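Nothing in this text is a laboratory measurement; each read-out follows from the coordinates by a stated rule. This one's a predicted model, so the numbers in the text were calculated from it and none came from an experiment. We place every Cβ from the backbone using ideal geometry, glycine too, and count neighbours over all the protein chains shown.
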Amino acid sequence: MASKRMGWVLGALLSGVLGAALVGCGSDGGGLVLVADAEFDPATASDHNIGVSESMPGVAQTFTVLSTGKFERFWLVVTDGESPDDGTIRITVRPLVAGLPDPNPATSIIRPIDVDTTMLPATLVEQFSIFDVGDDPGREVVAGEQYALVIEFLSRTGVDTAPIARVLGQLGDPYADGTGAADAGAGYVANTNDYLFRTFVLQSN
């Protein structure tokens, strides 16, 4: 299904010392092709969003891999929040435990991506942000495996309590091969919503 959402190309956001560059292909060289894989990108507009803050420190979307290869890129509809504070969110891609994101962030198949919320689209602007994971080790995925795209609160610059970011989606659990989930401080719990995303896998040509 063709997306009506424009892509928002984030600049050189880095995670820690090593970092994960956003946008652009990895360093795997020729003979490889980037293929669109799992996605929840309906033509209808978003009718749900959830804020990321100290009181809701985590939002996730689980998905099922369709193509075997190297997990290379993903898109999310995540925007700045209404808080006047700037902040930082952290994005990881984790295997599942009992259908929910592994609570240990060290299990991520990509290096954590730290995102300055000032780099995100304006609050509730419905467009994808594009993340390229680069040549991370351990990012091989197999069709049928399940993972979670995890967006978590990391820090804020002030003392306001409003969300520093918002993740957009749709009500009613319309994505058949995964589920939305949220962490209100006591661990991830599945909800009846799904969050907009698309993933890409690098395969041998």
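The table that follows gives values for the structure above.
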| read-out | value |
| --- | --- |
| Relative contact order for the chain, counting Cα pairs under 8 Å that sit 6 or more residues apart, in percent | 38 |
| Magnitude of the charge dipole, the stretch 102-205, Cβ model with Lys/Arg +1 and Asp/Glu -1, debye to 20 | 180 |
| 3J(HN,Hα) from dihedral phi, the stretch 174-190, Karplus parametrisation 6.51/-1.76/1.60, rounded to Hz, x for glycine, proline | x, 8, 6, 9, x, 8, x, 8, 9, 10, 9, x, 10, x, 6, 10, 5 |
| Given charges at beta-carbon only (K, R positive; D, E negative), |dipole| of the chain in Debye | 240 |
| Within the stretch 41-118: Cβ-based charge dipole about Cα centre, in debye rounded to nearest 20 (Lys, Arg +1; Asp, Glu -1) | 540 |
